[in-house]
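The structure appears below as structure tokens.
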Amino acid sequence: MSFGTQLREYREEHLEITQKQMAMDLGLDAGNLSRYESNHREFPISHLPHVQKVYDIPDDVFLAMILDRPLKTVLSLKGLQTLEYQSSYSDSFVEQHADLIESEPILKEIIMRTAHLNKEERQLFLSGIRNLLQLFGNQSHR
């Protein structure tokens, strides 16, 4: 295994987020993250502190990831710790973006409208927003 493989395991088993979400969080290209996680490319050492900070990974867990030790030796793969890591990630995400949400009335409106939809309507609404984001991304890369 490698750090990339360990990172994939941590992402899937503990954070329970997509590769695309992690790439966005870390400011990486999703294709590069995929190559890091599949050992087709070495994870840049210069990015390590950023990974630990963004996901608030405890030192002992991060050290195990770097030293390529099984995460099972420092973590329980399910249960309370996983919920704590997910909660920590969510708190960190909200804290990181709180100023943006506060300063952008349109983001507030999107959140408020989304909050008042039932689950089916919310999925449809968010799917539409995702499609718009993809269109925007495609246009901005030309």
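The values are calculated or read from the model by the stated rules, or taken from the named source; none is laboratory data. Since this is a predicted model, take the numbers as computed values, not measurements. As a convention, Cβ positions derive from the backbone with ideal geometry for all residues, glycine included, and neighbour counts pool all protein chains shown.
To keep it simple, each residue is scored yes or no on (1) surrounded by fewer than 17 Cβ atoms within 10 Å (Cβ to Cβ); (2) of a type in the set (A, V, I, L, M); (3) not in a helix (DSSP H, G or I).
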site: ARG8; (1), (2), (3): no, no, no
site: GLU13; (1), (2), (3): yes, no, no
site: LYS20; (1), (2), (3): yes, no, no
site: MET24; (1), (2), (3): yes, yes, no
site: LEU28; (1), (2), (3): no, yes, yes
site: LEU33; (1), (2), (3): no, yes, no
site: TYR36; (1), (2), (3): no, no, no
site: HIS40; (1), (2), (3): yes, no, yes
site: LYS53; (1), (2), (3): yes, no, no
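Could you list, ordered by first residue, the pairs with Cβ atoms under 6 Å in which the first is in the stretch 96-123 and touching a residue at least 40 places away in the same chain (Cβ under 8 Å) and the second is among the basic types (Lys, Arg) and part of a loop (DSSP other than H, G, I, E, B), at least 6 apart or interchain?
Listed pairs, sorted by first residue: none to list.
What residue, of GLU120, GLU102, GLU109, is surrounded by fewer than 10 Cβ atoms within 10 Å (Cβ to Cβ), modelled with pLDDT of 80 or more and either not in a helix (DSSP H, G or I) or not hydrophobic (A, V, I, L, M, F, W, C) (or both)?
GLU120
Name the single residue, out of those in the stretch 63-77 being touching a residue at least 12 places away in the same chain (Cβ under 8 Å) and not in a loop (DSSP other than H, G, I, E, B), that is farthest from GLN19 (Cα to Cα).
Among those that are touching a residue at least 12 places away in the same chain (Cβ under 8 Å) and not in a loop (DSSP other than H, G, I, E, B), it is ALA64.
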